[in-house]
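Shown next, in structure tokens, is the structure this report addresses.
What follows draws every value from the coordinates through simple rules; no lab data is involved. This structure is a prediction, so every number in the text was calculated from the model and none was measured. All Cβ positions, even for glycine, are placed from backbone atoms using ideal geometry, and neighbour counts span all protein chains on display.
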Amino acid sequence: MGILSVNRTKDTFKDRIASQKQGSQEGYWIAIDNFEKFSMEKFGKVNIIPDMLSATENEVFDTLQAWINWNSERAQSTISVYFSRIRKYLHYMGIKLDSQDIKNELQFKHKVEEELYGLTLEDIQKILGNLEYHTKVQFMCQLSGLMRIGEIVQLRKRNLILDKQNIIVKIPPEIAKFNKARTTFFSREASVLLRPKLRDLDDDDLVFATNEISHHAETNAEQKLRRAINRVGLNMRYTSTNRYFINTHSFRAYGITKLSRHDPNFAKKIAGQKGYMLQYDRIGDDEKLEIYQKYESNLTIDNTAIQKAEIEKLKTEKDELKVLQKNLEIMKEDSSKYKEDNVREIINAELSKMLKNQDGKLIKELDDENDKLRAKLKKAGLE
């Protein structure tokens, strides 16, 4: 073995993907752990990679098909993600899988898309009423900030700007999907509930999670939510996947849906989705916050807070109406003045025209009288 040779193992694979985001790294370990559990159950050993390296191509694909079948109770999308990660791991370990061979040799479950359940305000109120304070605030912030669960559990106090009624959230690229930083906001309702907790945190502390491993923090939040929906009788499941109708993503989806009804581009922007128009990339936080506050009542959960937000909205609209009415009055005065001046000009022009016509008539009459007088003088022999 040469000095440059490295014996590839699971540990060296860990070094290979060390530059990826923490969530992505954890995703690999979940998939590999799943594959090793299958290996232990099927073959009585955790690591079957050496056996796969010496096996025939057919044996390798038969093993992978058995693993896919072993995961049959999981959602098709989950199996696809697992396989994508296992394929990369096997490639690193020396087992190359051709795309066409995968298509020909492996059978995955057909994807079934059921109609997704739309979370209602009443659902949210029931669920939050059965959660302890800390978790309740987390979901209210996730909803009003249109954030992914993986983002909010990695949020730190230093990512928050606290000098306004609405907490401004600066999501850094290392925890955001697509590695793109963005700005979002927590509703005033959620901000009020969060501030007492923030007083006890240092800048580097996680705001909501207690576990630095994001996947574990996400799982913890999902488990708390699941217990709550079981208590309130909202534990419905999809037939095709056996997954719950309501999960941690449901709160983000609710916020996106509500805001999209008024300004879909702005909703995509603060939610970190692709396909929004770029005009929102060139405006400051104050202007973004002004747009957010315009529709904030749609992201408010407590009925009292909703009423308060609606009152504030009506006051703002009333003030805007007063400004509009004043502007209309000024325009009306300017318009009246313009009309008065315009009428005066028209009258003067008509008078001038009439005088001009009248002068012409008088001259003609004088010419006629002069001709008559000359005729008389000529007849009398006086001309």
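For segment 172-177, putting each phi into the Karplus relation 6.51 cos²θ - 1.76 cosθ + 1.60 with θ = phi - 60° gives couplings of x, x, 5, 10, 8, 5 Hz, in residue order, rounded to whole numbers and with x for Gly and Pro.
Ordered by the number of other Cβ atoms lying within 10 Å of each residue's own Cβ, fewest first, 183, 120 fall into the sequence 120, 183. Residue ranges 138-146, 22-30, 102-110 sort as 138-146, 22-30, 102-110 when ordered by packing (mean number of other C-beta atoms within 10 Å per residue, highest first). Taking every alpha-carbon pair in segment 121-301 and binning the separations at 5 Å intervals from zero gives 1, 8, 17, 21, 21, 16, 10, 4, 1, 0 percent. A cut-off of 5 Å between modelled amide H atoms, ignoring neighbours fewer than 5 places along the same chain, links residue 182 with 171.
I'd like the GluC sites (Glu not before Pro) in segment 208-249 restricted to DSSP loop residues with at most 16 other Cβ atoms within 10 Å, sorted by number. Hits after loop and neighbour filter: 212.
Sorting 188, 199, 227 from the fewest to the most surrounding beta carbons within 10 angstrom yields 199, 227, 188. Applying both filters, DSSP loop and at most 12 other Cβ atoms within 10 Å, to the GluC sites (Glu not before Pro) of segment 117-206 gives 132, 174.
Treating each Cα of segment 116-166 as an identical point scatterer and summing with the Debye formula, the log10 of I(q)/I(0) at q = 0.16 Å⁻¹ comes to -0.57.
Label separation (residue 91 vs residue 216): 3.0 nm, computed from points 7 Å beyond Cα along the C-beta direction. Annotation: amide H-H contacts under 5 Å for residue 243 (H modelled 1.01 Å from N, sequence separation of 5 or more, or interchain): 238.
Rounded, prolate or oblate: which fits segment 1-79 when a ≥ b ≥ c are the square roots of the eigenvalues of the alpha-carbon gyration tensor, with rounded for a/c under 1.5 and prolate only if a/b beats b/c?
The shape class here is oblate.
Here segment 194-307 is treated with +1 on each Lys and Arg Cβ and -1 on each Asp and Glu Cβ, and its dipole about the Cα centre works out to around 860 debye. The stretch between residue 84 and residue 325, if pulled fully straight at 0.36 nm per residue, gains 80.6 nm over its current Cα-Cα span. Among 37, 269, the order by Cβ neighbours within 10 angstrom, fewest to most, reads 37, 269.
Given R0 = 25 Å, the distance between the Cβ atoms of residue 110 and residue 53 translates into a calculated FRET efficiency of 0.20.
Here each label is just a point 7 Å from Cα along the line to Cβ, and for residue 204 and residue 33 those points are 2.6 nm apart.
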